[in-house]
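Scroll down for the structure; my scribbles are underneath it.
The values are calculated or read from the model by the stated rules, or taken from the named source; none is laboratory data. In this text the structure is predicted, and so the values were computed from the model without any measurement. Virtual Cβ from ideal backbone geometry, glycine too; neighbours counted across all protein chains shown. Just the protein is used for accessible areas: all its heavy atoms, side chains included, with ligands, DNA and RNA removed. Shrake-Rupley method; radii C 1.70, N 1.55, O 1.52, S 1.80 Å.
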Amino acid sequence: PQAPSPRRDIRDCSAEPLYLPPTATNTTARLATLRTLMRTQAAHAYIVPSTDAHMSEYISGRDARLRWLSGFTGSAGTAVVTQDKAALWTDSRYWTQAERELDCNWELQRTTSIESIGMWILEAVPAGGNVTLDPFLFSIDTWNSYSRALHGSGRTLLPLEINLVDQAWGDQRPLPSSSEIYSLPAEFTGSSWQEKVAGIRQRMEQHSRRPTAVLLSGLEETAWLFNLRGDDIPYNPVFYSYTLLTNTTISLFLDESRLSAAARGSLRSGCPGPLCVELQDYGQVSAHLRRYTRDNVTVWLGTEYTTYGLYGIIPQEKLLEEKYSPVMMAKAVKNAHEQEMLRAAHVRDAVAVIQYLLWLEKTVPQGQVDEFLGAQHIDALRRAQENSRGPSFQSISASG
């Protein structure tokens, strides 16, 4: 009997010549450009995560650095590039996908542990070498894990002020979002942003450390606090921003030109005074934080969403660290009106799902429906419901 033919939908780097499926991305030129930039920084290795500067679960196209560099489109992964090697770590959900999308410049590592990445780096980078990364793309915990993995090895973990992938990507990198940042109508919130700010300031006063400021890095935190929404990231009603809230001032860092007139009016309605929101450029948060922390202050932050880059600006003795910020804790407790809105949303969604199940019962026996058409149809049914702003993630549709 004839030998079964090898799979044609995944790469075969042991074949002669190499076999790549049409879904694989040629990364030779991209890696060469990155390696040239690494040499200018004396970087022996460069670590590229799949996150953004806010530790978001989903990211925008502009932040998809790992995708651009490697061709891998899965939502979770880490790459490490040296002068002669490139490796990608991802979990079992994506192993087949990675074999379809990576070219033979890449080693696929079937794990996600930082210990595994550290072991690979110790083999690939000689003693005395620099292991570099962008500290504004790594959480405090992740930075500490890499630091422990390399401790005492003779390799230096070095933060770089510039992002080398962004430089390599150049003008091909997608532009920032230009869509409107708008106010969420009061009928959905149950409390004004002024009431929320007052509540957070009260928590600051009641804390034993009496912090003078709260730093917000998570995009949900700022969106919730000010009752603002945007669409910078697919499936997420958020916008790129930071907030520094003190006892007497409010600094909101974002692209001010994108605020709707109503949103701007609401934020500026308390000026001058302690409920006046000072609008500052998104890129100025680091400089502002450096100035603020020169004084006798204490900054309260949640380590889960704060990057090591921002964390490193604040002197240790001026830090109050907890896993989640007081805003994230307040946001987790829904007021009576929010609970009512949640229930109403679930009823509307249930109607769409029941309509979908009825449609399936009628159409599947005809043999004309596949999973993709099914996903499209349920999305359309949900869109038809009142107040729909789109799905919260891409519909996961499977049968059999």
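Observations on the model:
- Single residue of SER208, SER153, SER217 found to be among the polar types (S, T, N, Q), touching a His at 6+ places or on another chain (Cβ under 9 Å) and modelled with pLDDT of 95 or more: SER217
- Selection status of GLY374, outside the structural domain of TYR242 (by the TED database) and loosely packed, with under 15 Cβ neighbours inside 10 Å: no
- Filter result for THR293 (within 26 Å of GLU161 (Cα to Cα), modelled with pLDDT of 95 or more and buried (at least 22 other Cβ atoms within 10 Å of the Cβ)): no
- Of the residues making up the range 212-239, those that are closer than 22 Å to TYR292 by Cβ and either hydroxyl-bearing (Ser, Thr, Tyr) or surrounded by fewer than 22 Cβ atoms within 10 Å (Cβ to Cβ) (or both) number 3.
- Selection within the range 201-211 - in contact (Cβ under 8 Å) with a residue 60 or more places away in the chain and open to solvent by 40 Å² or more (accessible area, probe 1.4 Å): ARG203, ARG209, ARG210
- Some residue of the range 273-280 being closer than 29 Å to ARG62 by Cα and open to solvent by less than 20 Å² (accessible area, probe 1.4 Å): yes
- Scanning the range 179-200 for residues that are touching a residue at least 24 places away in the same chain (Cβ under 8 Å) and of a type in the set (D, E, K, R) yields GLU180, LYS196.
- Test: residue in the range 299-315 that is at pLDDT below 95, open to solvent by less than 60 Å² (accessible area, probe 1.4 Å) and either assigned by the TED database to the domain that holds ALA53 or not β-branched (Val, Ile, Thr) (or both): no
- Sub-8 Å Cβ pairs linking a first residue in the range 284-299 that is within 15 Å of ILE250 (Cα to Cα) to a second residue that is modelled with pLDDT of 95 or more and among the aromatic types (Phe, Trp, Tyr), at least 6 apart or interchain, are GLN284/PHE253; VAL285/TYR242; VAL285/PHE253; HIS288/PHE253; VAL299/TYR292, ordered by first then second residue.
- Per-region count, the range 350-394, residues under 30 Å from GLU220 (Cα atoms) and not aromatic (Phe, Trp, Tyr): 23
- Verdict on PRO211 being more than 27 Å from ARG389 (Cβ to Cβ) and either in a helix (DSSP H, G or I) or in contact with a strand residue (DSSP E or B) (Cβ under 6 Å, 6 or more places away or on another chain) (or both): yes
Let's see how each residue does on (1) under 17 Å from PRO237 (Cβ atoms); (2) over 29 Å from the mean Cα position of the chain (by Cα); (3) part of a loop (DSSP other than H, G, I, E, B):
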{"residue": "LEU342", "(1), (2), (3)": "yes, no, no"}
{"residue": "TYR356", "(1), (2), (3)": "no, yes, no"}
{"residue": "THR363", "(1), (2), (3)": "no, yes, no"}
{"residue": "GLN368", "(1), (2), (3)": "no, yes, yes"}
{"residue": "ALA380", "(1), (2), (3)": "no, no, no"}
{"residue": "ARG389", "(1), (2), (3)": "yes, no, yes"}
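- Test result for LEU225, at pLDDT 95 or above, touching a helix residue (DSSP H, G or I) at 6+ places or on another chain (Cβ under 7 Å) and more than 30 Å from VAL80 (Cβ to Cβ): yes
- Sub-6 Å Cβ pairs linking a first residue in the range 349-368 that is closer than 16 Å to SER399 by Cα to a second residue that is surrounded by 12 or more Cβ atoms within 10 Å (Cβ to Cβ) and aliphatic (A, V, I, L, M), at least 6 apart or interchain, are TYR356/ILE378; TYR356/LEU381; THR363/VAL369, ordered by first then second residue.
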